[in-house]
Amino acid sequence: MMKKRFFITALGLTLGAAFAQSPAGESPAEIQSASIFVQDPAIFHQRQADLEKLKASVEGKNEGLDSLLERTNRITAMNDRCSSISINDVMDDECWTFYRVELPAFEEQYMKVTGEVRLGHMEMARGLEDRKLQIDACAEALYSFASSKDQFLNLEGGVYLEPLRNGFQANHDFTLQYEPNHQKHSFEIAQKWGETCREMVVRQDGEGFAPFFLDALDKLNGELAGNGSLAVYKTDTTVVGKPTLYMDISKPVRSAYYLNGVKLFHARVSGGPASESHLRIAFENGNVKVDGENVVVKRGEKLRFKGSVDYPEKTAKLNGRWIWENQGNNDGVDFGPEIDEAAQDSIFALQEAERRSVIEKRRGVRFSPWVGVSAAFAPFSDKHFAAFEVDEDQLMILPDLVATARVKLGFGENAEWFAAVGAGAYVGAGFGDGLQRVYFAPVAQLELGYKIFGVRETAVIAIPENDSKEWMQFKTGAFVNFGMFGVEAGFDIITNLGNGGYLTLYWNM
């Protein structure tokens with residue numbers, strides 16, 4: 001299993017401001033800064049064993065594996081030495097070069113070679129007649145891109161320095177980003193895995209995973225744990241017809257970032273739902289979709305660390321160290337307080353369940369009554385103004401009350417889109433130079449909206465007493481909802497009268 005790659009952040013561009021007045025020996029050009037995190041020696045020793053096992057499973061000679069095994073011996077020896085350096089000691093140049101240059105190059109080679117070998121094994125699964133053997137082969141292939149949430153992380157952001165009268169101030173702003181190249185390569189392997197193994201691991205009705213695959217997955221997770229990995233595969237079948245396999249971390253892990261021996265911040269990475277995973281493989285309608293979060297997310301929010309620390313003295317060299325509680329020499333490191341993760345997750349799960357409940361209530365078809373009070377206005381521009389004993393262009397005010405019974409459909413991923421259609425009754429009056437008319441009429445209504453906004457068409461179908469005098473209204477407007485209440489405004493076409501506008505206050509469900 002591969003573990004975290006190094007992370008370097010260069011501060012040369014920001015150091016100039018802090019040390020512009022420094023002596024020649026402390027000029028910005030001579031200031032060096034690098035941030036790395038070391039790796040647990042046990043990871044490399046386990047990796048050697050994994051490579052030996054993988055080599056034994058390959059028929060014939062594989063130059064890529066042979067070269068990788070030979071290189072692993074040097075990498076393991078260097079990591080054994082460099083990982084033992086404490087937070088208060090200074091790393092020598094050989095260790096800095098190891099973490100900045102040799103280790104990332106090795107991990108790139110490891111990912112490429114082992115991925116190709118395991119994908120080759122997976123392709124062989126297509127030719128197996130026994131579905132159990134096919135599933136076993138697919139489960140085994142998952143090992144090639146298994147990585148927990150704390151692996152292959154970069155600190156995205158930086159440390160920005162400000163000069164003080166004595167010393168300097170280090171301001172930091174970081175998120176935890178998954179290494180883009182590694183994640184991209186993992187997605188490619190996972191996509192190939194999903195396309196090859198979909199028919200073997202997904203139930204034939206498409207609504208979940210095959211029971212034998214779930215058993216094989218439990219076995220694989222046990223092997224990962226036995227090898228010291230925190231990576232764990234989980235499944236999510238909450239969305240009907242879209243079973244999802246995703247990567248997670250089996251237990252919380254804390255870390256801390258130190259700059260020249262002073263802690264800037266501590267972080268905690270822990271398990272969560274599929275929506276927070278860095279690698280998801282979703283099967284839906286015969287298709288495979290692979291994606292994942294590009295930064296560490298917890299309870300719906302990406303982790304962010306922002307603050308500042310004052311240093312009393314200037315320095316010609318800044319060294320940043322990112323230390324994890326499960327790796328290397330962490331004597332004297334303050335990882336922050338233990339957190340009752342389960343309690344916080346329970347609160348978030350309850351809130352998330354309530355949110356999902358609201359979404360499900362919006363989704364699908366439901367009954368939606370609507371009642372509105374309107375004030376429409378229009379100048380009497382129709383030729384029949386004389387029949388109403390008013391002047392031409394007389395402003396008419398038409399208050400009304402409308403009630404409709406509608407069918408409403410909520411749709412979209414979070415049911416944020418909606419459409420409604422219905423019919424009801426209208427009672428209104430017309431005022432010009434006094435009361436001109438009081439009348440009742442049937443109403444038809446149609447609307448389309450997104451979240452709290454939408455457009456609505458309302459047709460008041462007047463029952464004619466005299467074809468030349470009846471006022472049919474066609475209201476076209478935009479509305480905004482405030483819970484069960486809302487406001488609508490728009491354009492009103494009134495037959496045998498004129499064109500105008502209207503304003504409506506309404507209640508709906």
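Karplus-derived 3J(HN,Hα) values for the range 183-195, using 6.51 cos²θ - 1.76 cosθ + 1.60 with θ = phi - 60°, are 5, 4, 5, 5, 4, 5, 5, 5, 5, 4, 4, x, 5 Hz; glycine and proline are entered as x.
The simple Förster model, with R0 at 45 Å and r as the Cβ-Cβ distance, assigns PHE474 and GLU413 a FRET efficiency of 0.85.
Kindly rank 236-245, 98-107 from highest to lowest mean number of other beta carbons found within 10 Å of each residue.
Numbers: 236-245: 15.9, 98-107: 18.3.
Per-residue mean Cβ counts within 10 Å order the peptides as 98-107, 236-245.
Note that the range 453-461 has calculated 3J(HN,Hα) couplings of 10, x, 10, 9, 10, 10, 10, 9, 9 Hz, one per residue in order, obtained from phi through the Karplus relation 6.51 cos²θ - 1.76 cosθ + 1.60 (θ = phi - 60°); glycine and proline are x. Against the compact-protein benchmark of 2.2 N^0.38 Å, the Cα-based radius of gyration of the range 243-373 scales to 1.54. The orientation-averaged shadow of the Cα convex hull for the range 363-508, equal to a quarter of the hull surface, comes to 7.9 nm².
Divide, for the range 412-457, the radius of gyration over alpha carbons by 2.2 N^0.38 Å, where N is the residue count.
That ratio works out to 1.73.
Taking label points 7 Å from Cα along the Cα-to-Cβ direction, VAL455 and ASP93 give a separation of 7.0 nm. Ordering LEU497, ILE461, VAL421 by the projection of their Cα atoms onto the charge dipole of the range 363-508, which places +1 on the Cβ of Lys and Arg and -1 on the Cβ of Asp and Glu, puts VAL421 at the extreme positive end. Ordering LYS306, LYS234 from the fewest to the most neighbouring beta carbons within 10 Å gives LYS306, LYS234. Placing dummy labels 7 Å off each Cα toward the beta-carbon, the span from VAL438 to ASP291 is 5.8 nm. If the segment from ASP331 to ASP215 were pulled out straight at 0.36 nm per residue, it would be longer than the present Cα-Cα gap by 37.8 nm.
When the dipole is taken about the Cα centre of the range 138-279, and only Lys, Arg (+1) and Asp, Glu (-1) are charged at their Cβ, what size is it in debye, to the nearest 20?
Numbers: 13 positive and 17 negative charges, 99 e Å.
Using Cβ point charges on Lys, Arg, Asp and Glu, the range 138-279 gives about 480 debye.
For the residue pairs LYS184/LYS451; LYS53/LYS192; LYS149/LYS408; LYS184/LYS242; LYS263/LYS298; LYS112/LYS289, the C-alpha atoms sit more than 32 angstrom apart in LYS184/LYS451; LYS149/LYS408. With both labels modelled 7 Å from their Cα along Cα-to-Cβ, the LYS317 to GLU63 distance reads 4.1 nm. Neighbours of ASP215, meaning other residues whose beta-carbon lies under 11 angstrom from its beta-carbon, give a summed charge of 0 when Lys and Arg score +1 and Asp and Glu score -1. Stretching the chain fully between GLU392 and GLN169 yields a gain of 72.6 nm (0.36 nm per residue, less the alpha carbon separation). Label reach from VAL373 (point 7 Å along Cα→C-beta): in the range 481-509, amide nitrogens under 19 Å belong to 481-490, 502-509.
Laboratory data are not the source of any read-out in this text; all were calculated from the coordinates shown. Quick caveat: nothing in here was measured; it's all calculated off a predicted structure. Heads up, the Cβs are rebuilt from the backbone with ideal geometry, glycines too, and the neighbour counts pull from every protein chain shown.
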